[in-house]
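Visitor: Below is a structure I'd like to ask you about.
The values are calculated or read from the model by the stated rules, or taken from the named source; none is laboratory data. Just so it is clear, the structure is predicted and the values come from calculations on it, not from any experiment. Heads up, the Cβs are rebuilt from the backbone with ideal geometry, glycines too, and the neighbour counts pull from every protein chain shown.
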């Protein structure tokens, strides 16, 4: 009987999932602390059925941010409104939410639509409700309208989310971004796939498929190119690929390891790991001229270089202290200083965009988790609680980390907020998913 | 290009021939040590005559060669967690490969280094390379020419065991000799 119930539950899941995208999110922790927000379904002002829903994108973006918890639309007191002028504060007096998003979609010539939205300050509206009538414009935190093409609904939804998020938090939204990752489908002739998708897993596209491993995708600062490692020639080589033109350039193919690429902030160089002289060392390579410059010189393993935002030094992993730890090397003086001392291992580090903290993989009591360290206070906090965590990549606004982990025996992607409160998993249909890289702002 | 293909084909064919030789020799060894009754050609029609045979008596050198042939079928060397030293229990296997490579200076071997899934992929690439190089250095110590050996690290990208258990990790921490 118990089994039957289980199977039924499983069947329900299977039957209801096909409509989902390749990478759908399961929020595992942190909903309680999220701030409520109301998003009224955008009103369609045309004939026939609406072409697409934008407010669904906005709601899921805000939920995925971990900062907001959109209210159930069925519980909203006014649902057919699309401007602040139609808003009546009295109807909303029992609703507790930071803001209210309303909007409309209107046909605008062939294949085009006029999308309008407004962000209403619900707290202000409620505070002033008893003090007589207030002009709608006084309650507006934001009001915009834009003409979009039929294929831009999701994209513009993310744009609206960016605006709403920034208005309410003061932090730039990172909803109009992408992720790159590697999918391995064992048993296929070419099991290794380099993929990109919108940050939420929609619009997944394959950039490369190979019979041999693909590793370490990383974005150029303009979000136009990816550097990655490919074993297609039976050795590790670094390629740079334009994601729009598909043009590929072989950048580094020395003897031994060519690995762990990381674009310089100006996009002209890569920091890489080469073992051509024996052991893995950090180098920089000019993408255009292929000129290399050796940065580290030690008999231990040096790898995983990553740039400080000012481009003047690199963070890297070294075993020179006996176990992998994070170090900083100045590109001007080649002077090396150790950054981490806590925990058994600390590796795979990167500096957050604000330059104030560092995200990396920490090993404590044999467990590998994602951690953050404040650079000024050296305070370290373990963020994740999943298994075999690796490859952390920080969102361009510094609020979230996407990383590779293991769930139910499979490699999957997960996300954790940089304060550790919000945790989510991004399950997949087929194959193992790993090496995520979050794009810059697009 | 064609020559290269031929060379690759030979690389496959040579070990296969060695395997074939191995299995047939071990049969004859059994014959030599066990009974000889199985070799009768016919019980009737030859005037009731039965013939028997004995396996060839192997010189110590031949026996050693056959033993090494057998050992060379083991082409995986396992490592401890985060370590790249060649363990002494692998000495016999590596001796077999080393002697073969010294006797056949035209044979080339690719040494793959692998790691388990713990740690980061990039660190594991470095670790895998160090393991492969430790094997290469060991063989070089036996007289194998560096030009006969090439090294590639796949880090944690090509696990043998996908269980992500301790025993699975142990199977994935390996060096592989590919002829």
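Visitor: Restricting attention to the range A:318-346, report how many residues are within 13 Å of another protein chain (Cβ to nearest Cβ) and under 27 Å from residue A:441 (Cβ atoms).
Guide: Number of matching residues: 1.
Visitor: Taking the residues in the range A:354-364 that are within 12 Å of chain B (Cβ to nearest Cβ) and either surrounded by fewer than 16 Cβ atoms within 10 Å (Cβ to Cβ) or within 18 Å of the chain's Cα centre (by Cα) (or both) as candidates, determine which candidate is farthest from residue A:176 (Cα to Cα).
Guide: First pass over the range A:354-364, keeping only residues within 12 Å of chain B (Cβ to nearest Cβ): A:360-363.
Still in the list and also either surrounded by fewer than 16 Cβ atoms within 10 Å (Cβ to Cβ) or within 18 Å of the chain's Cα centre (by Cα) (or both): A:360-361.
Values: A:360: 24, A:361: 26 Å.
Here the residue is A:361.
Visitor: Let me ask something additional. Only one of these is surrounded by fewer than 21 Cβ atoms within 10 Å (Cβ to Cβ), under 23 Å from the mean Cα position of the chain (by Cα) and at pLDDT 95 or above: A:214, A:208, A:270, A:194. Name it. Steps first, please.
Guide: Values: A:214 fails: surrounded by fewer than 21 Cβ atoms within 10 Å (Cβ to Cβ); A:270 fails: surrounded by fewer than 21 Cβ atoms within 10 Å (Cβ to Cβ); A:194 fails: surrounded by fewer than 21 Cβ atoms within 10 Å (Cβ to Cβ).
Sole residue among the options that is surrounded by fewer than 21 Cβ atoms within 10 Å (Cβ to Cβ), under 23 Å from the mean Cα position of the chain (by Cα) and at pLDDT 95 or above: A:208.
Visitor: Only one residue in B:93, B:111 is under 30 Å from residue A:368 (Cα atoms) and within 15 Å of the chain's Cα centre (by Cα). Which one?
Guide: Numbers: B:93 fails: under 30 Å from residue A:368 (Cα atoms).
The match here is B:111.
Visitor: Looking only at strands (runs of 3 or more DSSP E) that fall completely inside the range A:332-386, which ones have 1 or more residues that are touching a strand residue (DSSP E or B) at 6+ places or on another chain (Cβ under 9 Å) and closer than 23 Å to residue A:397 by Cβ?
Guide: Working: elements: A:336-338, A:345-351, A:357-364, A:367-374, A:380-382.
Those strands (runs of 3 or more DSSP E) span A:345-351, A:357-364, A:367-374, A:380-382.
Visitor: Of all residues being touching a strand residue (DSSP E or B) at 6+ places or on another chain (Cβ under 6 Å) and closer than 16 Å to residue B:84 by Cα in the range B:134-161, which is surrounded by the fewest Cβ atoms within 10 Å (Cβ to Cβ)? Just the residue, please.
Guide: B:152
Visitor: Could I ask something else about it? Name the residues in the range A:255-287 that are free of Cβ contacts under 8 Å to residues at least 24 places away in the same chain, farther than 22 Å from residue B:110 by Cα and in contact with a strand residue (DSSP E or B) (Cβ under 6 Å, 6 or more places away or on another chain), would you?
Guide: Answer for the range A:255-287, where residues must be free of Cβ contacts under 8 Å to residues at least 24 places away in the same chain, farther than 22 Å from residue B:110 by Cα and in contact with a strand residue (DSSP E or B) (Cβ under 6 Å, 6 or more places away or on another chain): A:269, A:281, A:283, A:286.
Visitor: Quickly run through the range A:392-411 and pick out the residues that are surrounded by fewer than 20 Cβ atoms within 10 Å (Cβ to Cβ) and part of a strand (DSSP E or B).
Guide: A:406, A:407, A:410
Visitor: Checking the structure you have, find out if any residue of the range B:86-95 is more than 14 Å from chain A (Cβ to nearest Cβ) and closer than 20 Å to residue A:303 by Cβ.
Guide: Of all residues in the range B:86-95, those more than 14 Å from chain A (Cβ to nearest Cβ) come to B:86-95.
When the remaining residues are screened for being closer than 20 Å to residue A:303 by Cβ, the result is none.
Among the residues of the range B:86-95, not one is more than 14 Å from chain A (Cβ to nearest Cβ) and closer than 20 Å to residue A:303 by Cβ, which makes the answer no.
Visitor: Another question about this same structure. Pick from the range B:146-179 the residues that are under 19 Å from residue A:276 (Cα atoms) and out of contact with any helix residue (DSSP H, G or I) (no Cβ under 8 Å at 6 or more places or on another chain): which of them is nearest to the other protein chains (Cβ to nearest Cβ)?
Guide: Ranking the qualifying residues of the range B:146-179, first place goes to B:150.
Visitor: Out of the range A:365-381, which residues are away from chain B (no Cβ under 14 Å) and within 19 Å of the chain's Cα centre (by Cα)? Before the answer, list the steps.
Guide: So the first thing to find is which residues in the range A:365-381 are away from chain B (no Cβ under 14 Å), and the list is A:372-381.
Matches in the range A:365-381: A:372 only.
Visitor: As an exercise: evaluate residue A:203 against (1) within 24 Å of residue A:393 (Cα to Cα); (2) surrounded by 17 or more Cβ atoms within 10 Å (Cβ to Cβ); (3) under 20 Å from the mean Cα position of the chain (by Cα) and give the number of the one condition it does not meet.
Guide: (2)
Visitor: Every residue in the range A:368-387 that is farther than 15 Å from residue A:328 by Cα and either modelled with pLDDT of 95 or more or touching a helix residue (DSSP H, G or I) at 6+ places or on another chain (Cβ under 8 Å) (or both), please.
Guide: Quick first cut of the range A:368-387, residues farther than 15 Å from residue A:328 by Cα only: A:368-372, A:377, A:379-387.
If the condition is that a residue be farther than 15 Å from residue A:328 by Cα and either modelled with pLDDT of 95 or more or touching a helix residue (DSSP H, G or I) at 6+ places or on another chain (Cβ under 8 Å) (or both), then A:368, A:369, A:370, A:371, A:372, A:377, A:379, A:380, A:381, A:382, A:383, A:384 are the ones that fit.
Visitor: Continuing with this model, one more query. Is there a residue in the range A:237-250 that is within 11 Å of another protein chain (Cβ to nearest Cβ) and crowded, with 19+ Cβ neighbours inside 10 Å? Steps first, answer last, please.
Guide: We begin by selecting, within the range A:237-250, every residue within 11 Å of another protein chain (Cβ to nearest Cβ); these are none.
There is no residue in the range A:237-250 that is within 11 Å of another protein chain (Cβ to nearest Cβ) and crowded, with 19+ Cβ neighbours inside 10 Å.
Visitor: Could you list, in sequence order, all residues of the range A:288-306 that are more than 10 Å from chain B (Cβ to nearest Cβ), in contact with a strand residue (DSSP E or B) (Cβ under 6 Å, 6 or more places away or on another chain) and surrounded by 15 or more Cβ atoms within 10 Å (Cβ to Cβ)?
Guide: The first filter runs over the range A:288-306 and keeps only residues more than 10 Å from chain B (Cβ to nearest Cβ), leaving A:288-299, A:306.
Right, trim to in contact with a strand residue (DSSP E or B) (Cβ under 6 Å, 6 or more places away or on another chain) and you get A:292-296, A:306.
The answer is A:292, A:295, A:296, A:306.
Visitor: Oh, and also: Would the range B:73-88 turn up any residue that is surrounded by 11 or more Cβ atoms within 10 Å (Cβ to Cβ), assigned to a helix (DSSP H, G or I) and on the phi < 0 side of the Ramachandran plot?
Guide: no
Visitor: For the range A:96-178, give me every one of the strands (runs of 3 or more DSSP E) that falls completely inside it and has 2 or more residues that are over 28 Å from residue A:440 (Cα atoms) and touching a residue at least 60 places away in the same chain (Cβ under 8 Å). Break it down into steps so the answer makes sense when it comes.
Guide: Working: elements: A:100-107, A:112-120, A:140-149.
By residue number, A:100-107.
Visitor: Let me ask another. Tell me, yes or no, whether the range B:111-130 has at least one residue that is in a helix (DSSP H, G or I) and more than 13 Å from chain A (Cβ to nearest Cβ).
Guide: Step one: of the range B:111-130, the residues in a helix (DSSP H, G or I) are B:121-130.
Now narrow it down to the ones that are more than 13 Å from chain A (Cβ to nearest Cβ): none.
No, that holds for no residue.
Visitor: With the checklist (1) within 11 Å of chain B (Cβ to nearest Cβ); (2) modelled with pLDDT of 95 or more; (3) surrounded by fewer than 20 Cβ atoms within 10 Å (Cβ to Cβ) in hand, flag the one item residue A:186 doesn't pass.
Guide: It is condition (2) that residue A:186 fails.
Visitor: In contact (Cβ under 8 Å) with a residue 24 or more places away in the chain, farther than 20 Å from residue A:172 by Cα and in contact with a helix residue (DSSP H, G or I) (Cβ under 8 Å, 6 or more places away or on another chain), is that true of residue A:34?
Guide: Values: in contact (Cβ under 8 Å) with a residue 24 or more places away in the chain: yes; farther than 20 Å from residue A:172 by Cα: no; in contact with a helix residue (DSSP H, G or I) (Cβ under 8 Å, 6 or more places away or on another chain): yes.
For residue A:34, the condition - in contact (Cβ under 8 Å) with a residue 24 or more places away in the chain, farther than 20 Å from residue A:172 by Cα and in contact with a helix residue (DSSP H, G or I) (Cβ under 8 Å, 6 or more places away or on another chain) - is not met.
Visitor: I've got another one for you. If we scan the range A:319-331, do we find a residue that is closer than 20 Å to residue A:401 by Cβ, in contact with a helix residue (DSSP H, G or I) (Cβ under 7 Å, 6 or more places away or on another chain) and buried (at least 23 other Cβ atoms within 10 Å of the Cβ)?
Guide: yes
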